[in-house]
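We did not get these values from a lab; they are worked out from the coordinates using the rules stated. Quick caveat: nothing in here was measured; it's all calculated off a predicted structure. Here the Cβ is made from the backbone with ideal geometry for all residues, glycine too, and neighbour counts use every protein chain on show.
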Amino acid sequence: MSGNNAKKSYLVPEEELLKQKEFTCLAKEIISAKFGGRTPLAMVHTYGCQGNVSDGERIQGLLESIGYGFTDDVNKADLVLYNTCAIREHAEDRIYGNVGALKNVKKNNPDLIIALCGCMMQQEHVCERIRKSYPFVNLVFGTHVIHKIPELLYTVLRSGKRVFSSEDCDGVIAENLPVHRDGNIKGWLPIMYGCNNFCSYCVVPYVRGRERSRQPEEIIKEAKELIANGCKDITLLGQNVNSYGKNLDIDINFAKLLEMINALPGDFIIRFMTSHPKDCTEELLDTMARCEKVAKHFHLPFQSGNNRVLKEMNRGYTREKYMSLVDYARKVMPDISLTSDIIVGFPGETYEEFKDTLSLIEYTKFTSLYTFIFSPRKGTKAEKMPDPVSREEKGKWFKELCDLQESIAGKRTALMKGKTYRVLCEGYAREGVLNGRTGGNVMIEFPDTVEGRIIGEFCDVLVTEPLTWIVRGELVK
Ligand code: 5AD
Ligand code: SF4
């Protein structure tokens, strides 16, 4: 960092991480006394996006270093930790329900520690509700203090008191935390955290803090570790990967980072999400086209096809800009598979405006879509906007959109028939049937003619039977 232009460092200081290592030792001592040599079990459940899944891997890494093993059975657990999601009301309601159900589990096992973390817990009104209505919850912490799990857990174990830690800050980057990954074929690799975009409907900037990028050497180090451990499919993660590097003091952007990872030795593919149309450049699309390890799949949420609604959403691009990106992507990568996120029934959206979303779907011919009915989120601008259209009416629009996409997806997968795709075999779909994904992220199922010997390997699969969302095929070699 230098001069007046020095950019803010989000790195958690080395001393703080050392302090947490000391708490790890202290927590370990308490645990070994308490459980008398038995390995205590934690049930960690993550809700929501891949960013949360990646956090969950670090949370599990920290728990493992304290001495916990893992279980999926809540009745065998000594610690239950829910890593929560706040993106829509439905997600939150489900989590409140699941937390409520833990009351009975705790009746049977009064020593059970119940912990809640993640995006929901970064909101004050949620913490208040947990404090008042869920007295059996022992520990609550937000998204910015994951690295402090050893200290937080130690405090709970030692004092037996409830601990709440959801400090509000711009966010941090904690490097070198231990990571516990389930399986080694696919790996999540966070390249940045937070979001500065404040789309008017979205709670993420409030619960995940400011946009901050990891140093490229940290990312490359983690990518190398993944590859050395047999990972064949790396997904780079960030809320808006196209603005990677903006807060760093070095000459780097997402396209350059992709190129660096593409240059690492090994047979693996690179995926990334999520991109934002306002920051997507031709340089990035050219880089994708050139880099042989980068999957030819582009997840580019457009949210709405109407310019007035896009403006109200504070998205920073127009329908025309989106279409020009689609055109350019198809020009440089004719086989590119495009996917997107869409919100139906944004406050004030009319049916006429919604039809612009349908026409953009027809224009682009997406492989698949993630579609959501607008859900008001506390503290966002859209929460206060007049929203005259009924839920029932929005439901009809939603169905119309799904029907349209289903017919497009069916036509797209039909085009795959007779073609051979290079696929990373991920495992069994069911007995005797293996599966994997194409570079374009379409699931292929094929009979296991090799007794599972290709799980974790790339193989060639000929598509014989396209269905709507997935295809079936047979192994070529
Ligand atoms: N209501 C409905 N959908 C939302 N999304 C984000 N916030 C909301 C909301 N308040 C959707 C967007 C985003 C995806 C991850 O979730 O489409 O891209
Ligand atoms: Fe939310 Fe918009 Fe940021 Fe995506 S870019 S996380 S939709 S605010």
| query | Across bins of 10 angstrom width beginning at 0, how are the C-alpha pair distances of segment 14-165 distributed, in whole percent? | reply | 11, 44, 37, 8, 0
| request: Place the peptides 163-169, 111-117 in order of packing, highest mean first, counting for every residue the other Cβ atoms within 10 Å and averaging per peptide. | output: 111-117, 163-169
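About the Cα centre of the chain, how large is the charge dipole given +1 on each Lys and Arg Cβ and -1 on each Asp and Glu Cβ? Please answer in debye to the nearest 20.
Working: 64 positive and 64 negative charges, 139 e Å.
Roughly 660 debye for the chain.
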| task | Could I have the simple spin-label model distance between Glu431 and Lys103, label points 7 Å from Cα toward Cβ, reported in nm to one decimal? | result | 4.2
| field | All aspartates and glutamates inside 18 Å of Lys28 as judged from Cα atoms, apart from same-chain residues fewer than 8 positions distant | value | Glu64, Asp78, Asp111, Glu151
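Suppose a student asked you for the relative contact order of segment 331-477, using Cα pairs under 8 Å spaced at least 6 residues apart; what percent would you report?
Working: 249 pairs, mean separation 30.2, N = 147.
Result for segment 331-477 is 21 percent.
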| said: Below 8 Å, C-alpha to C-alpha, sequence gap of six or more: please give me the relative contact order for segment 420-475 in percent. | reply: 36
| Calculated FRET efficiency, Glu16 and Arg38, Cβ-Cβ r, R0 35 Å, to nearest 0.05? | 0.65
| Residues in segment 402-443 near a label at Phe458, defined as backbone nitrogen under 18 Å from the 7 Å Cα→Cβ point? | 420-427, 435-443
| remark: Relative to the chain, whose Cα atoms define the longest principal axis, helix 50-66 and its Cα axis are tilted in degrees, nearest 10, by 30
| request: Can you tell me the 0 to 90 degree angle between the C-alpha axis of helix 124-133 and the longest principal axis of the chain, rounded to 10? | output: 50
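If you wrap a convex hull around the Cα atoms of segment 294-357, how much volume per residue is inside, in Å³? Don't skip to the answer; put the middle values down first.
Values: hull volume 5.4 nm³, N = 64.
Convex hull of Cα atoms, per residue: 85 Å³.
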| task | Provide the gained length on full extension for the span Lys311 to Glu465, in nm with one decimal, where the gain is 0.36 nm per separating residue minus the Cα-Cα distance. | result | 51.2 nm
| said: For a Förster distance of 45 Å, can you work out the FRET efficiency between the beta-carbons of Ala91 and Ser9, rounded to the nearest 0.05? | reply: 0.90
| message | How far apart, in nanometres, would the label points at His45 and Asn229 be if each is projected 7 angstrom from Cα along the Cα-to-Cβ direction? | response | 2.5
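Extension gain Lys221-Glu393, at 0.36 nm per residue separation less the Cα-Cα distance, in nm? Walk me through the numbers before you get to the answer.
Values: separation 172, 0.36 × 172 = 61.92 nm, distance 5.02 nm.
Result for the pair: 56.9 nm of gain on full extension.
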| request: Please give the length that would be gained between Lys28 and Thr350 if that part of the chain were fully extended, namely 0.36 nm times their separation in residues minus their C-alpha to C-alpha distance (nm, one decimal). | output: 110.1 nm
| Charge dipole of the chain about the Cα centre (unit charges at C-beta), most positive-ward option of Ile130, Leu152, Pro386 | Ile130
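Would you work out the relative contact order for the chain, in percent, from Cα pairs under 8 angstrom that are 6 or more residues apart? Please report the intermediate quantities before stating the final value.
On the way: 895 pairs, mean separation 48.4, N = 477.
Relative contact order comes out at 10 percent.
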| note | Helix 216-228: inclination vs the chain longest Cα principal axis, degrees, rounded to 10, gives 90
| Once the Cα gyration tensor of segment 420-475 is diagonalised, what are the square roots of 5 times its eigenvalues, in whole Å and ordered largest first, as equivalent ellipsoid semi-axes? | 15, 12, 10
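If the limit is 26 Å between Cα atoms, which of Lys34/Lys103; Lys19/Lys107; Lys148/Lys221 go over it?
Numbers: Lys34/Lys103 22 Å; Lys19/Lys107 35 Å; Lys148/Lys221 23 Å.
Over 26 Å Cα-Cα: Lys19/Lys107.
In whole Å and largest first, what semi-axes does the C-alpha gyration tensor of segment 186-414 yield when each eigenvalue is scaled by 5 and square-rooted? Let's see the in-between values first.
Values: eigenvalues 201, 90, 45 Å².
The answer is 32, 21, 15 Å, longest axis first.
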| Each label point is 7 Å from the Cα along the Cα-to-Cβ direction; what then is the distance between the points at Asp72 and Lys419, in nm? | 3.4
| Those residues of segment 168-212 whose amide nitrogen sits under 19 Å from the label point placed on Lys381, 7 Å along Cα→Cβ | 195-211
| remark: Note: segment 325-385, point scatterers on Cα, Debye, no solvent; log10 I/I(0) at q = 0.28, 0.30 Å⁻¹ equals -1.17, -1.26
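Relative to the Cα centre, what is the charge dipole magnitude of segment 186-414, using +1 at the beta carbon of each Lys and Arg, -1 at the beta carbon of each Asp and Glu, and rounding to the nearest 20 debye?
Values: 34 positive and 32 negative charges, 69 e Å.
Result for segment 186-414 is approximately 320 debye, rounded to the nearest 20.
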| query | How large, in Å, is the chain by the Kirkwood hydrodynamic radius built from its alpha-carbon pairs? | reply | 24.1
